[in-house]
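Notes follow once the structure below has been shown.
The values are calculated or read from the model by the stated rules, or taken from the named source; none is laboratory data. Quantities reported herein were computed from a predicted structural model and do not represent experimental measurements. Note: ideal-geometry Cβ built from the backbone for every residue, glycine included; neighbour counts use all protein chains shown.
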Amino acid sequence: MRVIGVDPGSRFTGYGVVELDGDKAVALDYGCIKLPVASPLSRRYVIIYDALRDIITRFAPQQMAVESPFYSKNVSSALKLSQARGVVLLAGSKANLEIYEYSPRKVKQAVVGRGSAAKRQIQTMVAQILSLEEPPASEDASDALAVAICHIHSISGAIPVGKTT
């Protein structure tokens, strides 16, 4: 099973491609799509779409896991995030991927063992689960990998839930 995890955003969109190889999850690629803040939102959404389309073409995942939005008091930020999520879902749909959504709390619980984990704990556990030499530098990439891990765990039960360190 090969999954692309995505952490949508209008300034940074994290992605991580993870493959389940037997009972071991392996990171094939991960990173952050950095969007030019000075560009209009409409241009940033095109950049997200094109970048995800290229990643999907290159790695041919069968499924996409996306972090669902948390709710914010800032309506403007929530709208931008929702629009970025729409672009991500469109990219996955156009590639005929099965798409799954997970709440931030569920992702944290699957990776760290508790739903209120800090970003640094997620980065550390993602590196441990995927046997990376060091945690991803980008929190967005780490979050995207965590979403993919959460999905693989939910579907296969093959990845043990991390323990809080």
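Name the residue, out of TYR15, TYR100, TYR49, TYR45, that is closer than 14 Å to ASP140 by Cα, touching a residue at least 40 places away in the same chain (Cβ under 8 Å) and not aliphatic (A, V, I, L, M). Steps first, please.
Details: TYR100 fails: closer than 14 Å to ASP140 by Cα; TYR49 fails: closer than 14 Å to ASP140 by Cα; TYR45 fails: closer than 14 Å to ASP140 by Cα.
Step by step, each of TYR15, TYR100, TYR49, TYR45 is checked, and only TYR15 is closer than 14 Å to ASP140 by Cα, touching a residue at least 40 places away in the same chain (Cβ under 8 Å) and not aliphatic (A, V, I, L, M).
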Among the hydroxyl-bearing types (Ser, Thr, Tyr) and under 14 Å from the mean Cα position of the chain (by Cα) - does that describe any residue in the range 82-90?
no
Conditions first: (1) modelled with pLDDT under 95; (2) assigned to a loop (DSSP other than H, G, I, E, B). PRO61 passes all but one, so which condition is the exception?
(1)
